[in-house]
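The next block holds one structure in the form of structure tokens; read it before the comments.
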Amino acid sequence: MAINFEKAFGIHQHTVGIRSRRTEVLAGNIANADTPGYKARDIDFKDALLNAKSRSGVHLDRTHDSHKFAQSFSMAQSGELYRVGNQPDTGDGNTVDTEVERNLFMKNSMEYQASLDFLNSKISGLRKAIKGQ
Amino acid sequence: MSLLRVLDVSATGMSAQSLRLNTTASNLANANSVSSNREETYRARHPIFAAELNRAKGGLGSSVGVKVQGIVESVAPLNQEYAPNHPKSDENGFIYHSNVNVMEEMANMISASRSYQTNVQIADAAKQMLSRTLQMGKS
């Protein structure tokens with residue numbers, strides 16, 4: 001059997017994608033820290049990873065104008081949910097906690113770099129196998 | 001590429017916060033403006049932020065930028081002062097001060113500049129992540 005990239009990279013090829021999407025979600029939260037009524041979001045990692053691995057995102061075609069959009073309550077992209085605020089009323093309906101979001105962003109970017117490092121070591125392993133050195 | 005979208009999103013945040021800083025500067029500069037009638041008196045201006053609607057083609061995307069929906073003038077009552085010797089006083093001897101609350105504006109200024117800083121740091125972190133991704137497999 002020749003080199004199979006799907007097997008060689010394992011789970012890391014999926015985690016990198018999800019973490020970069022999560023970066024985007026968290027950046028959106030921080031940008032909207034002062035927007036009245038904005039609800040903070042995050043990605044359910046387990047759900048998103050399962051979806052990325054199986055690539056079985058449910059998609060229904062709309063062939064008629066009266067067809068309704070098929071969207072789950074958790075929004076179009078699976079695994080994306082609203083965060084539960086840690087205080088009941090913030091005055092303007094905004095649930096972004098900048099400190100929490102910043103810490104999560106930092107943690108997420110560390111995890112992203114970890115995934116990248118794993119991928120890098122896989123690549124250098126493959127390279128070694130190809131060159132035979 | 002999601003990481004490139006991060007740069008767009010934090011750019012919208014930065015431009016919104018810098019506009020907020022702009023209105024604060026204008027309000028503070030005009031805090032002591034007076035006029036001789038109610039209509040011409042300067043009123044504090046505040047931007048209204050709203051989450052950007054998602055682009056039509058992408059459907060519900062994961063990230064949402066900020067957009068400035070408009071600028072509104074404060075409806076707080078004007079301060080009216082009896083100063084018959086003031087060159088701007090009206091026929092009854094009143095002048096009108098702007099309704100800018102300086103304390104509020106200072107707090108607003110600090111909040112805006114901190115939010116701006118946060119957005120800059122996010123863009124910087126995203127840039128580092130991107131450049132590390134581009135370096136992947138090179139070593």
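The values are calculated or read from the model by the stated rules, or taken from the named source; none is laboratory data. Given the structure is predicted, the values throughout are model-derived calculations rather than measurements. Every residue, glycine as well, gets a Cβ built from its backbone with ideal geometry; the counts of neighbours run over all protein chains shown.
The set of residues in region B:44-59 being within 11 Å of another protein chain (Cβ to nearest Cβ) and at pLDDT below 85 consists of B:Glu52, B:Asn54, B:Gly58, B:Gly59.
Per-residue answers, yes or no, for (1) more than 9 Å from every other protein chain (Cβ to nearest Cβ); (2) on the phi > 0 side of the Ramachandran plot:
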residue	(1), (2)
A:His12	yes, no
A:Glu24	no, no
A:Ala27	no, no
A:Ile30	no, no
A:Ala33	no, no
A:Gly37	no, yes
A:Asp47	yes, no
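Return the pair list, or none, for Cβ contacts closer than 9 Å from residues in region B:62-75 that are away from chain A (no Cβ under 14 Å) to residues that are in a strand (DSSP E or B) and β-branched (Val, Ile, Thr), at least 6 apart or on different chains. Once the first residue is away from chain A (no Cβ under 14 Å) and sits in region B:62-75, its partners that are in a strand (DSSP E or B) and β-branched (Val, Ile, Thr) give B:Ile71/B:Ile48.
Applying the set (1) touching a Leu at 6+ places or on another chain (Cβ under 9 Å); (2) modelled with pLDDT under 95 to B:Ser62 leaves exactly one unmet item: (1).
For (1) on the phi > 0 side of the Ramachandran plot; (2) part of a loop (DSSP other than H, G, I, E, B); (3) not hydroxyl-bearing (Ser, Thr, Tyr), each residue gets a yes or a no:
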| residue | (1), (2), (3) |
| --- | --- |
| B:Val75 | no, yes, yes |
| B:Glu81 | no, no, yes |
| B:Lys88 | no, yes, yes |
| B:Ile95 | no, no, yes |
| B:Glu105 | no, no, yes |
| B:Ile110 | no, no, yes |
| B:Ser113 | no, no, no |
| B:Gln117 | no, no, yes |
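Once region A:61-113 is narrowed to residues that are of a type in the set (Lys, Arg) and exposed (fewer than 13 other Cβ atoms within 10 Å of the Cβ), the residue that is modelled with the lowest pLDDT is A:Lys68. Residue count for region B:1-41, restricted to those that are in a helix (DSSP H, G or I), among the basic types (Lys, Arg) and surrounded by fewer than 16 Cβ atoms within 10 Å (Cβ to Cβ): 0.
Here A:Arg22 fulfils each of the conditions (1) of a type in the set (Lys, Arg); (2) surrounded by 14 or more Cβ atoms within 10 Å (Cβ to Cβ); (3) farther than 30 Å from B:Ile48 by Cβ apart from (3). Within region B:98-108, restricting attention to residues that are surrounded by 18 or more Cβ atoms within 10 Å (Cβ to Cβ) and in contact (Cβ under 8 Å) with a residue 60 or more places away in the chain, the residue that is farthest from B:Glu40 (Cα to Cα) is B:Asn108. The residues on offer are A:Val58, A:Val16, and the sole one that is within 9 Å of another protein chain (Cβ to nearest Cβ) and either modelled with pLDDT under 90 or not in a loop (DSSP other than H, G, I, E, B) (or both) is A:Val16. One residue stands out in region A:80-131 among those that are aromatic (Phe, Trp, Tyr) and either more than 17 Å from the chain's Cα centre (by Cα) or in a helix (DSSP H, G or I) (or both): the one that is farthest from A:Gly37 (Cα to Cα), namely A:Phe118. Among the residues making up region B:109-125, those that are buried (at least 16 other Cβ atoms within 10 Å of the Cβ) and more than 10 Å from chain A (Cβ to nearest Cβ) are B:Met109, B:Tyr116.
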